[in-house]
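Notes follow once the structure below has been shown.
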Amino acid sequence: MKHCNHAKTSKKKITKEVFDEKFETRAMVCADCGTERWDSATQIAFSSWLEKLDQKKRDRFVLQFSLSKNTLHCLDRLVGEFPGADRAKLLRAMVMLFVERIAPRRDWADLVEKIAKRDVFEHLSIGTREIVKVHFNPFAMLDLHSWAKIANMKPRELAEKAALRIFAFYIEIDPVMHQFWEDNIRPEISLILKAA
């Protein structure tokens, strides 16, 4: 593909489809290659549109996934360790930790995948299941959808996978895995919960 220096740009109407809704605005578009050049005004308009969409159609930003009774027991125990947390807040923090901190780091991602091969992970995966619902802000949902696409999964599958792996660290007794929980996962979850 030929390199384009975007010398011939003009302001045109653009449309971006997000969560089955259409965002429309005007932005600079290259006449040669069609690249949209989003400036700060375009970004602000998009953010504002997403916030309004979240207020009007909140259900678009709610993920439903299922967790086993064993995992829910862990969740309830862990909620007690983070003052002010509840099930949904803690699950959202775990999923965002996975998406924003673990998945992009190869060393952390490799360690997290190792735990999925252990008995503790298997124990969390079996048994009767219950549906949980978690609301994500629009930008978090966009990130989740992007990572799910990369992983060739549905967003709810990625959320469930992320939560199970984090819970496995929480209950793992292996000293290396437990230390990773104490040094990395617990503080990150705490920060995400405080920022929410």
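The values are calculated or read from the model by the stated rules, or taken from the named source; none is laboratory data. All figures in this text were calculated on a predicted structure; none of them were measured in a lab. In this analysis, Cβ positions are derived from the backbone assuming ideal geometry, glycine residues included, and neighbour counts consider all displayed protein chains. Just so you know, the surface numbers come from the protein's heavy atoms only, side chains and all, with ligands and any DNA or RNA stripped out. Shrake-Rupley method; radii C 1.70, N 1.55, O 1.52, S 1.80 Å.
Annotations for the structure displayed:
- Globularity index of region 32-119, i.e. its alpha-carbon radius of gyration over 2.2 N^0.38 Å: 1.55
- Restraint check, Lys57/Lys114; Lys161/Lys194; Lys52/Lys117; Lys12/Lys154, Cα-Cα greater than 31 Å: Lys57/Lys114; Lys52/Lys117; Lys12/Lys154
- Average accessible area per residue (Å²) across the chain - probe 1.4 Å, nucleic acids and ligands excluded: 58
- The Kirkwood radius of the chain, taken over pairs of alpha-carbon atoms, gives through the Stokes-Einstein law at 4 °C and 1.567 mPa s a diffusion coefficient of 69 µm² s⁻¹.
- Region 1-100: GluC sites (Glu not before Pro) in DSSP coil with no more than 12 other Cβ atoms inside 10 Å: Glu81
- Each of His178, Ile189, Leu158 was placed along the dipole of region 148-196 (beta-carbon charges, centred on the mean Cα), and the one lying farthest toward the positive end is Leu158.
- Sorting His178, His3, His123, His73 on solvent-accessible area from highest to lowest, probe radius 1.4 Å, gives His3, His73, His123, His178.
- Tensor-based shape of region 89-196 (alpha-carbon gyration tensor, a/c under 1.5 rounded, otherwise prolate or oblate): rounded
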